[in-house]
Amino acid sequence: MAIDKITTASITDANITTAKIASGVLQTNAPAFHAYQNGNLSIANATFQVVAFNTEYFDSNSAYNTSDGKFTVPSGEAGKYLFAFSFKRGNWHSNRFIATFAKNNNDTAYFEDSASGSTNYGSATGSIIMDLAVGDYITIKCYQDSGSAQNITGSTNQGSNIFSGFKLI
């Protein structure tokens, strides 16, 4: 079996064609995005609330919307996607601290902070692989039942409240 060599001279625009990309020869994990909450965000009491992560670190296909928290599958990009999120709550107590992945506004998976019954800075985190069609959208919802609105704590370093995802090759 011969081993083909790839030289720098072989990597030209003429050799990187749309057909090669579509065939899987040169695919990338895109669309891809990473968004975060750059400050505290108030979560209403006893209500599943969509979280609009307000700052993008990157968004390869402009598919994430910071104003409504939706990642929408662009035209031609149906397939399997991996999504991940993390919420960090402030120093407050609640019986339940839950986050969900919602596909087209239908909750599909629930994740709960196991230390909700104590005053701490616990997190709800999760990841999921989903099969999506063009136009499907994904949001993250948060729920807490402390008795009043409470903040999930954001930061300017992308480390506390995040939502990211990408198409699997």
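Quick note: the coordinates plus some simple rules give every number you see, no bench work behind them. Keep in mind that what you see is a predicted model, and the values were worked out from it rather than measured. So basically every Cβ, Gly included, is an ideal-geometry build from the backbone, and we count neighbours across all protein chains shown.
Sequence-distant or interchain residues sharing an amide H contact under 5 Å with G39, placed H: which?
It is G154, S155, by chain and number.
If you filter region 24-118 for GluC sites (Glu not before Pro), then keep DSSP loop positions with at most 16 other Cβ within 10 Å, what is left?
Details: sites: E56, E77, E112; in loops: E77.
Passing sites in region 24-118 are E77.
I want the local charge near D145. Using Cβ-Cβ distances under 15 Å, sum +1 for each Lys or Arg and -1 for each Asp or Glu among the other residues. Please report the intermediate quantities before stating the final value.
Values: positive: R89, R96, K141; negative: E112, D113.
Net local charge, D145 excluded: +1.
Roughly how many whole Å is it from the C-alpha centroid of region 52-91 to that of region 122-139?
9 Å
When Lys and Arg each count +1 and Asp and Glu each count -1, what net charge do the other residues less than 12 Å away from G135, Cβ to Cβ, add up to?
Working: positive: K70, K103; negative: E77, D136.
It works out to a net charge of 0.
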